[in-house]
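Since the structure comes first, as structure tokens, the remarks are kept for the end.
The values are calculated or read from the model by the stated rules, or taken from the named source; none is laboratory data. Not measured: the values here are computed from a predicted model. Note that we place each Cβ from the backbone using ideal geometry, even for glycine, and neighbour counts take in every protein chain shown.
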């Protein structure tokens, strides 16, 4: 079975805080591996030791992977990526949207349109989310 998972490279050692926040919003099991506790710790300078080398948040139908390690190969010329959270009901859209918007920025308020109900937000970590349900 083919599965696509999101992988986020956070800036300013925000990985642990962000992934803990996403777990509170989405549920799932969270695993965090700090650089200092990894088998690769000797490959990183002292200032990177407190960062997260790898994070994994897995729930029923989703996996979000993340790190504090920079990816110098990714530039703005590649375009932006948004994560889409598909919910079962409008009530769930409103709840998840509000949680993700807390401390962030609403890009498009929740609205009903031909395909369902959706809103867009940039969370407090700078990650773009679409929150959607096919319920109108």
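Tell me, yes or no, whether the stretch 82-100 has at least one residue that is assigned to a loop (DSSP other than H, G, I, E, B), at positive phi and either modelled with pLDDT under 95 or out of contact with any helix residue (DSSP H, G or I) (no Cβ under 6 Å at 6 or more places or on another chain) (or both).
In the first step, residues of the stretch 82-100 are kept if they are assigned to a loop (DSSP other than H, G, I, E, B); the result is 87-89.
Then keep just the ones that are at positive phi; that gives none.
No, the conditions are met nowhere in the stretch 82-100.
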Scanning the stretch 57-70 residue by residue, those in a strand (DSSP E or B) and in contact with a helix residue (DSSP H, G or I) (Cβ under 9 Å, 6 or more places away or on another chain) turn out to be 57, 59, 62, 64, 66, 67
Taking the stretch 16-56 only, how many residues are surrounded by fewer than 15 Cβ atoms within 10 Å (Cβ to Cβ) and in a strand (DSSP E or B)? 2
Residue 36 vs. criteria at pLDDT below 95 and either over 20 Å from the mean Cα position of the chain (by Cα) or closer than 25 Å to residue 99 by Cα (or both): no
